[in-house]
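What follows is a single structure, written as structure tokens, with notes after it.
The values are calculated or read from the model by the stated rules, or taken from the named source; none is laboratory data. A quick note: this is a predicted structure, and the numbers were derived from the prediction, not measured. No Cβ is skipped: glycine too gets one built from the backbone with ideal geometry, and neighbour counts run over all protein chains shown. Quick note on the areas: whole protein, heavy atoms, side chains included, nothing else; ligands and nucleic acids left out. Shrake-Rupley method; radii C 1.70, N 1.55, O 1.52, S 1.80 Å.
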Amino acid sequence: MAQGFKTPYKDLAATLSGDERRSLEDDIAIHGVLQPILVDEEDNILDGHNRYSVCKDVPYRVVEGLTTDAHKRAFVLSHNLKRLHLTPERKAEIRQRMQDVARKLREEDPKKWTQEQLGRLFGVSHQAVEKWLDINNATGCKANKPDARLSIPREAKQEIFQRVDKGHKQSDIAADFGISQGRVSQIARQVKAKKEAKRKIEEITANEVKQSFGKLYDVIVIDPPWPMEKIDREVAPDQGGFDYPTMSEEELSGMVMPARADCHLWLWTTQRFLPMSLRLLGEWGFKYVCAFVWHKPGGFQPIGLPQYNCEFAIYARKGAPRFVDTKAFNSCFTAPRGRHSEKPEEFYDVVRRVTDGDRIDIFNRRSIDGFDVWGNEA
């Protein structure tokens, strides 16, 4: 038997009264040490301090897997709480120490030491652990910490809902996120309600779009009537008002795109309206990906600025649409100019080749092969 065990956790052990110690000495003298003491891998006694103090030559068993001081203290306390001779005062003292150690373990590794795991370690209920984690050591009052409703990010709320929806135990979820089971239920209800409301809105919107456009589309090309005015000049050709109606940003943002769940979208724009275009994509529920550049011969040149000899077809998407072909698929292309505001056929050749499904060209002024068209002049 090994000798010279260390006793750094002796203060956590239950202290024997004079009569209890004499009774233990008599029992060991007659029967010997029947139950081995428990030590860690560094020869520190975890359980059996009193037996070791009476008889140094004792059987022992090594407890493995206790990696931190807090874990070892938790082990010692949980064994001491099982002693039958403990007074109510001593039990209360041990539970207070358990509370301190539980917080320490939680701080060291919150993912490992969930509320459920701490309950198993100390042999107490989830409710007891929940109180330990919420009560201030010194005052017995609620700890000063941020409101859980403010500290839980959106992504975490989504994960909580998904786990509840899959039937995971709410006690486990509460432990993993450091909140109460009631808070878990509340978050799950709130997220579910928002999802249901969003679904209803999308269903209503889809019906309204179908009534306006006839159906939903996989590919959308849109060339909005941007809110711009021509400059009155005294030179030919005179530029007065436009010969077609324009729309404000508010009017354009209020449009609902006839898009299926997975949809490609190209938004034609110019230098001036690039910022507004990016804002509109977000309003329409699309995510910006890249900008296609049409290099064209000639263009307007403001005084003191370079010539604007290109236009942009901003590519964005909703959901996860796929291209059917990406060979010779460039984001910059050269094509001749057509009539005012007319987009080059070379652009449509590319879109037809790389996409499939139903296509629509919104606010177009001419018929395009492979596209439905929509707008005042369509």
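Screening GLY298 against (1) open to solvent by less than 70 Å² (accessible area, probe 1.4 Å); (2) on the phi < 0 side of the Ramachandran plot leaves a single unmet condition, (2). For ILE28, indicate whether it is in contact with a Cys (Cβ under 9 Å, 6 or more places away or on another chain) and either open to solvent by 30 Å² or more (accessible area, probe 1.4 Å) or in the same structural domain as MET98 (by the TED database) (or both). Yes: the conditions hold for ILE28.
If you go through the stretch 20-60 and keep only what is within 13 Å of PRO8 (Cα to Cα) and aliphatic (A, V, I, L, M), you end up with VAL39, ILE45, LEU46.
Name every residue in the stretch 57-78 that is out of contact with any helix residue (DSSP H, G or I) (no Cβ under 9 Å at 6 or more places or on another chain) and over 13 Å from LYS6 (Cβ atoms), in order of residue number. Passing the criteria: ASP57, PRO59, ARG61, VAL62, GLU64, THR67. Could you check, for the stretch 350-361, whether at least one of its residues is small (Gly, Ala, Ser) and touching a Leu at 6+ places or on another chain (Cβ under 8 Å)? Checked against the condition, which is being small (Gly, Ala, Ser) and touching a Leu at 6+ places or on another chain (Cβ under 8 Å), the stretch 350-361 yields no hits at all. Scanning the stretch 31-51 for residues that are surrounded by 18 or more Cβ atoms within 10 Å (Cβ to Cβ) and farther than 19 Å from SER78 by Cβ returns a single hit, VAL33. Set side by side, the residues PHE333, PHE323, PHE329 differ, and just one is under 23 Å from TRP226 (Cβ atoms) and either open to solvent by 80 Å² or more (accessible area, probe 1.4 Å) or in contact (Cβ under 8 Å) with a residue 24 or more places away in the chain (or both), which is PHE333. Residues in the stretch 161-187 that are part of a helix (DSSP H, G or I) and small (Gly, Ala, Ser) were compared, and the one that is surrounded by the fewest Cβ atoms within 10 Å (Cβ to Cβ) is GLY182.
In the stretch 260-298, which residues are of a type in the set (Ser, Thr, Tyr) and outside any strand (DSSP E or B)? Result: THR270, SER277. The residue of the stretch 7-25 that is most open to solvent (accessible area, probe 1.4 Å), among those that are of a type in the set (Asp, Glu) and more than 59 Å from the chain's Cα centre (by Cα), is ASP19. Residues of the stretch 270-295 that are within 22 Å of PHE347 (Cα to Cα) and touching an Asp or Glu at 6+ places or on another chain (Cβ under 7 Å): THR270, TRP294.
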